[in-house]
Amino acid sequence: MTKQMAFYFDASACTDCKACMAACKDKNDLPVGINWRRVIKYGGGQWIPDPENKGLWHPSNVFTYAISAACMHCQSPLCAASCPVGGITKREDGVVLINQDKCIGCRYCEWACPYGAPQFDEEAGVMTKCTFCADLLDKGQKPACVDACVMRALDFGELDELRAKYGDVDAIEPLPKANITEPSLVITPHRDAQVSGTGTGRIISMPEEM
């Protein structure tokens with residue numbers, strides 16, 4: 001493998017509009033219930049009593065931000081390691097793909113992936129996931145999600161180049177710790193973002209069924 005393609009996500013710019021989700025859904029003609037890219041809202045805070053009037057409560061340390069997440073095309077993909085038929089492989093550019101002709105629908109990859117990227121297509125009986133729009137990449141075009149982001153919160157490129165441009169943060173809550181699979185991801189954190197594994201908030205909303 002000569003390079004590793006990666007996604008960049010600017011959590012400080014994302015407005016939770018879900019245009020990336022819709023574009024991915026449309027481009028890949030995904031059935032209802034399968035979303036290769038998902039936007040998750042995370043937040044926290046608490047209510048505290050007014051020091052002068054115990055009947056009043058005020059919000060304290062309230063925060064919220066959104067995460068746009070898909071397959072991370074990890075450098076150490078657990079999905080590939082767990083597949084009993086060798087149906088998941090990395091291309092020379094680092095893109096992780098499922099060979100659906102080999103897939104037996106055992107769903108081991110779904111259970112192994114900490115990001116929940118592989119998703120089972122009940123009708124087809126096989127696993128599916130983000131392909132990094134490999135067909136568009138091969139034509140020198142952008143992934144559909146990147147092209148659709150109205151806030152330009154998504155970008156893509158070679159991992160080393162993205163790190164040189166944006167830094168090396170690759171895990172904020174509610175994403176899992178990066179050392180599990182070494183995701184090919186670079187993040188500009190939201191000002192209230194918390195380091196993965198140290199969060200005080202919770203997932204407020206998952207994507208609607210689309």
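Rule-based calculations on the coordinates, nothing more; no lab input. Keep in mind that what you see is a predicted model, and the values were worked out from it rather than measured. Positions of Cβ are generated from backbone atoms using ideal geometry, with glycine treated the same way; all protein chains shown enter the neighbour counts.
Quick check: net charge around residue 37, other residues with Cβ under 12 Å of its Cβ, Lys/Arg +1 and Asp/Glu -1?
Surrounding charge for residue 37 is +4.
Provide the net charge surrounding residue 2, with neighbours chosen by a C-beta distance below 11 Å and charges set as Lys +1, Arg +1, Asp -1, Glu -1.
Net of charged neighbours comes to -1.
So if I place +1 on the C-beta of Lys and Arg and -1 on the C-beta of Asp and Glu, and nothing else carries charge, what would the dipole magnitude of region 124-169 be about its Cα centre? I want it in debye, nearest 20.
160
Treating the beta-carbon of each Lys and Arg as +1 and of each Asp and Glu as -1, no other charges, what is the dipole magnitude of the chain about its Cα centre, to the nearest 20 debye?
It works out to roughly 160 debye.
Below 8 Å between Cα atoms, with a sequence gap of 6+, how large is the relative contact order for region 74-179 in percent?
After rounding, I find 17 percent.
Counting DSSP beta bridges in the chain, what percent are antiparallel, to the nearest 5?
Counting DSSP beta bridges with both partners in the chain, the antiparallel share is about 85 percent.
May I ask you to order 67-78, 115-126, 40-51, 169-180 by the average number of other C-beta atoms within 10 Å around their residues, highest value first?
So the order, starting with the most tightly packed, is 67-78, 169-180, 115-126, 40-51.
What ranking do 156, 9, 132 get, fewest neighbouring Cβ atoms within 10 angstrom at the top?
Fewest to most other Cβ atoms nearby, the residues stand as 156, 132, 9.
Could you line up 18, 165 from fewest to most neighbouring Cβ atoms inside 10 Å?
165, 18
From the residues 76, 126, 35, which one has its Cα farthest along the dipole of the chain in the positive direction, the dipole being from +1 and -1 charges on Cβ of Lys/Arg and Asp/Glu about the Cα centre?
Sorting the options by dipole projection puts first 76.
Rounded, prolate or oblate: which fits region 1-41 when a ≥ b ≥ c are the square roots of the eigenvalues of the alpha-carbon gyration tensor, with rounded for a/c under 1.5 and prolate only if a/b beats b/c?
Oblate.
Loop only by DSSP, 11 or fewer other Cβ within 10 Å of the Cβ. Give me the trypsin sites (Lys or Arg not before Pro) in region 63-162 that pass, ordered by residue number.
Here the sparse-neighbourhood loop sites are 139, 152.
When the helices in the chain are scored as -39500 (n - 2.57) per DSSP H run of 4 or longer and the sum is shared across all residues, what 222 nm value do you end up with, to the nearest 500 deg cm²/dmol?
About -4000 deg cm²/dmol.
Among 66, 48, 183, whose Cα projects farthest towards the positive end of the dipole of the chain, with charges put on the beta-carbon of Lys, Arg (+1) and Asp, Glu (-1)?
The residue sitting most towards the positive pole is 48.
Among (i) 1.02; (ii) 1.31; (iii) 0.98, which one is Rg/Rh (Cα atoms, Kirkwood Rh) computed from these coordinates?
Here the calculated entry is (i).
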